[in-house]
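The values are calculated or read from the model by the stated rules, or taken from the named source; none is laboratory data. Model, not experiment: these values are computed from the prediction. Note that we place each Cβ from the backbone using ideal geometry, even for glycine, and neighbour counts take in every protein chain shown. All accessible areas refer to the heavy atoms of the entire protein, side chains included, with ligands and DNA or RNA removed. Shrake-Rupley method; radii C 1.70, N 1.55, O 1.52, S 1.80 Å.
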Amino acid sequence: MSQGIIGRIYDIQGFSVHDGPGIRTSVFLSGCPLSCLWCHNPESISFHYVLSYTSVKCIGIEKCGLCLSVCKHNALKASKPNYSPLDKRDVAIIEVDREKCTDCLDCTQVCKPKALIPSGHDMKLEDVMGRILKDRAYFNNSGGGLTISGGEALSQIDFTIELLKAAKKEHIHTCLDTTGFASWKTLERTLPYVDLYLYDLKHMDTNQHKKYTGIFNERILENARKLANAGGKIQFRFPIIPGVNDSEENLHATGEFIGELGPSVQLLQLLPYHQLGLFKYDKLGKENKLKNLKSPSDEVMEEYKRLLETYFTPIQIH
Amino acid sequence: MFKFAAISPRIQVLRDKRGAANKGRTILDGERTKIYTDYYKAHEAEPNILKRAHCLYEWCLNKTILVEDEDVFVGQIGRTYRALNSFVEWDATWLHQASHDNDEGFKTAWQSEDSFAYMSDTDREIFKEASEYWMDRSLSARYLEIIPPVLQSFHGNGCSDFFARKPNLGGIPQGHYSPNFQKVIAQGFGGIQREIREKIDQLQGKIYGNDASKFMFYQAADIVCDAAILFAQRYAQECARQAENHTDPERKAKLLEMSDSLNWIMENPARNTWEALQAVALYQIMLVADGQQHGLSQGRIDQYAGWFAEAELKSGTLTMAELQDYSDAFFLKLNDNLIQVRMSSNDMLSKMYSGKGYSYNTGGHHFTIGGIKKDGTDASNALTRCLLNTTGRMFLADPSVDIRIHKYTPSDVWELAIQSSKACGGVPSFENDELIIPMLVKRGRTLEDARDYCIIGCVEPSGSGNEWSASGGPGSEVFFNLLGPIIMAIHNGVNPLTNFSKGLKTGYLYDCETFEEFKEAFAAQLKYFLDWQITGGNCFELMYADHFPSVVASTTMDGCVESGKDALSGGCKYNSTGLTGCGIGNVADCLIAIKKLCFDDKIVTTKELYDALCADWEGYESLYQAIVFDIPHYGNDIDEVDELAAWVMKLANNHISSATNPRGGNWAFGTFTMTVHVDYGSKTDATPDGRRRGEPLAEAISSRQGFDRNGVIAYLNTVSKLPQSILGNGDQMNLRFSPSCIANKEGVEKLRQLITTYFENGGMEVQFNVVDTQTLYQAQENPDDYRNLIVRIAGFSVYFVEMPKVLQDDFISRTEHTTI
């Protein structure tokens, strides 16, 4: 179909080593119907581009300050001068007042150092494919390929389908990283083009699921069953969030669910909660409600793995 | 989770004892200096080649012999362990300064807790006397008398520090070669001596033509053979003496066994693994004493010693655990052989080397393991694996290790190598057989010799025991600042920082009407200054060969005994001289900035850009930002700029590799920078790539620090476009990963695939650090908690907290590759 079809993309990352087999290039699409409290890509949740600000990239209002003059909403102001190693003296940089900011993104047009950027940008399919093909040599040796992730890729189903088709035409292995939250019809459309689904399971109790992600889980579980029945190859991803979904009860329930799905399930990946995404909340001026949470220890992860192995193997940590 | 097995109790004891020796301090030891100086004083008229051989003999005869109960291998360079040698014949300036300081200053510098090394009062007197003798006689003192005056007028050109080392030029032993350890093990000096004496007999009373110099060489080599045999026998005697009254029967038996072996080896072929390794250690120490030890590389130790191990494991006379102990103990032995490098000639480098702590960076030792054999089959064996276990669990910044990789490198060797590199800051680094072997064949080696290559110094591929590679330069300077010719092309042959004005008059930047004109000006300046560096190097080599023939190296190296010529005078089978270009990433960025801004997009005129450079960007903030943020940069897989880098590399390489050296070989071009990119940067004016005056250059073939913004694969794609297969003097590719990238087995496998694919795409070498930026900042704040943190800088690794701050910052500014 149309090479010109446009996707809302917040990042493309090469040497992506945690998102499927081999060395992969991950295309992260913007917009997600879930809002998990532990999300490590908070900039991908919104369907609209929001303002992302990386303060260490700001070179200071003295040298630049262009954004101050374009902001119509009075949302940008100078900070107190702080020591800058580059200039070897105190420099005032920009501060964003999130109360006033409307995410009009005018400031991102003038910010050369890319301290103020939109949380994503529109890209043509052909440009996305062009970028992916540059990494191709690295896919071939490692059994890697393309991973479409998000946000929720199914929310941009037309673009996702076209991107998958384009990749398959180039004989590139494809993974679709999904929350499973979409209509079955939508998910079903991807079946011919996806080699492996990376399918998130966040909580088996629907009320708890709602509490932590904003939605109930029935549709997600139902889609997983249908996908397994339809022969889609699945790698489940279970983020272990201490105190949220690592109760014995939930571990058993998760194991039971996966154990019953049959040979379509290839692997269960346990992902220990990490705080690496926390800095991204600062960029967006958001607060992370789990910020004081500690990562589970290696020993605890091993213990969970052993428990889950009574239902299903193989299981991989990370 | 992968974990290296703990080291055995006896190695732990050895390690602790070495670490605690001299209260953990390095000793600046005067024994060698005294023996050599006394000999020189008493025999001033003797030809240099005989003098060098006799000095070594005197040293072997008179040096302190030390054997301690924990010792697995014997041999030490000084009177004690952890002693640091000084090479006063090369340069006496700093020792003169240090020993003649007033008492208070001396005590603070050399006898306080913070001393870089400890110097006793006795040694101070030795150095005082010796440095007085050598002040006017050392190589660096004489250099200025000998070199053509025109070379002296090239100080401050900004392209080559060769001309800026006054008065310390020549203070660095040339070294950078791999001696023929194989011959020592397989033939022994007894066998070599028989060969030499036959040659002497043939020449007796029949010296025609130039045979007199051969005759002299053979006489010197004969003395060296005696010295080597004597050296081992003195240790044998000491072992026997200690055995006599030893109370521990086990040690007593061991000492007798060692004594027996030491009486045998050096003269005769080694009979087992221990003897092979011990012979290598003793020969190594003799080479260090002789002085040509800078960049002295052990070569393929798993080959020349490994087959003993294989045979012994098979016959049951050796267990894997014993072999592992040998491997660990051998590392500790070499780690103990310290050298002193450039105390004063290059401030940045001497700071780099002068770490305090258990391991002392020698800038010397380098092992090469793995790869293919001469017959093309996989070369890895039990010793290869033991050595990788050693590097992964000993946390020694030295010796450095390279692993040669080929299509059929076994997967367990791969895994050990990656795990070790992850645990021990980039040791080993990875070299690509498939690229290097054909390159060496193109450069004139036989296929067998090319397959048997090893790595010298930092990353330089060279022959094993058959090549005087001088890959660290001719004993003076190897580094060439590629931004120098850019400055010259901008300022009509003038370096504005020093007012040096002897560059070619190619006009000013603002005289250029097309981009091609500027490129031509740059190319002309580049060739012109490369020629000057080669000229200086060739003049220097001649003098060097006369002053410091290395008979002890020549005695074993292929070609020398056959031809009757010292290695430094062209006796070896193969001969080359190295040169390395710094800042290729900056040059590419400079060229693209000029092209885009002044000619393609016409955002500024060449005059405006010129003015901005003269003002060091002061008052040109928006232009500066346009360059830093809008112009494409090298390192991001953007063809237009990457092609310019490839053009520069080809240009420099073609010019250099066509130049010849006095030994009948060719010069070779490489791109490693060690830490010189920081030093050179501090002496380089503002450049069009948006570099401010004094900022570091990009290191090796890397992009400018932090300018690779598209991730590791884009970065690798960029450097894959460079014609690396022509770089005879090697190249270097540094990567830094966050630990989360390689957390589990899958991560290790993916890293392997990354390296494999990079190599398939034309990469020569890769080395990586697995450490996140946060950890590095913490190490800066609490150095005591991070004493063991090793990072790879260039061809060698160092303890991070022991680096000077400016180098730490440079390391941190290199992009960390991560995926979250």
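The table below gives the values:
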item	result
Equivalent ellipsoid semi-axes - Cα gyration tensor, segment B:705-747, angstrom	24, 14, 10
Gaussian network model of chain A, Cα within-10 Å springs - most flexible of A:187, A:68, A:37	A:68
GNM result for chain A, Cα springs below 10 Å: residue of A:237, A:306, A:89 fluctuating most strongly	A:89
With all protein chains modelled, accessible area of residue B:531 [1.4 Å, Å²]	70
Cβ-defined net charge surrounding residue B:773, 12 Å radius [Lys, Arg +1; Asp, Glu -1]	-1
Between segment A:75-153 and segment B:111-138, the Cα center-to-center distance that results, in Å	57
Cα convex hull of the protein assembly as shown, projected area averaged across orientations, nm²	47.4
Buried accessible area, chains B and A (both chains, 1.4 Å probe, Å² to nearest 100)	2700
For segment B:513-565, radius of gyration divided by Kirkwood radius, i.e. Rg to Rh on alpha-carbons	1.36
Segment B:9-148: C-alpha gyration tensor shape, a/c 1.5 cut-off, then a/b vs b/c	oblate
Residue-normalised accessible area of segment B:479-732, expressed per residue, 1.4 Å probe, Å²	28
Per-residue SASA entry for residue A:123, accessible area with 1.4 Å probe, Å² rounded to 10	40
Neighbour net charge for residue B:584 - beta-carbon separation under 13 angstrom, K R +1, D E -1	-3
Whichever lysines have a C-alpha closer than 20 Å to that of residue B:374, once near sequence neighbours (fewer than 8 apart) are set aside	B:183, B:407, B:442, B:573
Debye-sum result for chain B in log10 I(q)/I(0), which assumes one identical scatterer on each alpha carbon, at q = 0.06, 0.08, 0.11 Å⁻¹	-0.36, -0.66, -1.28
For residues of B:706-715, the mean tally of beta carbons on other chains within 10 Å	4
Helix axis angle, B:48-62 relative to chain B longest principal axis, alpha carbon, degrees	50
Over 25 Å [Cα-Cα, segment B:371-507], rounded percent	46
Separation between Cα centres of segment B:532-595 and segment B:693-740, rounded to whole Å	25
Number of partner chain Cβ atoms within 10 Å, mean per residue of B:760-767	1
Whole-Å distance, taken between Cα centres, linking segment B:9-67 and segment B:442-514	35
Relative compactness, segment A:51-118, computed as alpha-carbon Rg over 2.2 N^0.38 Å	1.03
At 1.306 mPa s and 10 °C, Stokes D of segment B:479-732 from Kirkwood alpha-carbon radius, µm² per second	83
Rg ratio (alpha-carbon, reference 2.2 N^0.38 Å) - segment B:435-499	1.62
Given A:112/B:650; A:63/A:291; A:80/A:286; A:114/B:602, the pairs whose alpha carbons are separated by over 25 Å	A:112/B:650; A:63/A:291
Number of partner chain Cβ atoms within 10 Å, mean per residue of A:11-22	6
For chain A, accessible area per residue (1.4 Å probe, heavy atoms of protein chains only), Å²	45
Neighbourhood charge, 12 Å Cβ-Cβ cut-off, centred on residue B:396 and excluding it, Lys, Arg +1 and Asp, Glu -1	+1
Cα convex hull of chain A - mean projected area over all directions, nm²	17.9
Helical contribution to [θ] at 222 nm, DSSP H n ≥ 4, -39,500 (n - 2.57), averaged over the protein assembly as shown, rounded to 500	-13000 deg cm²/dmol
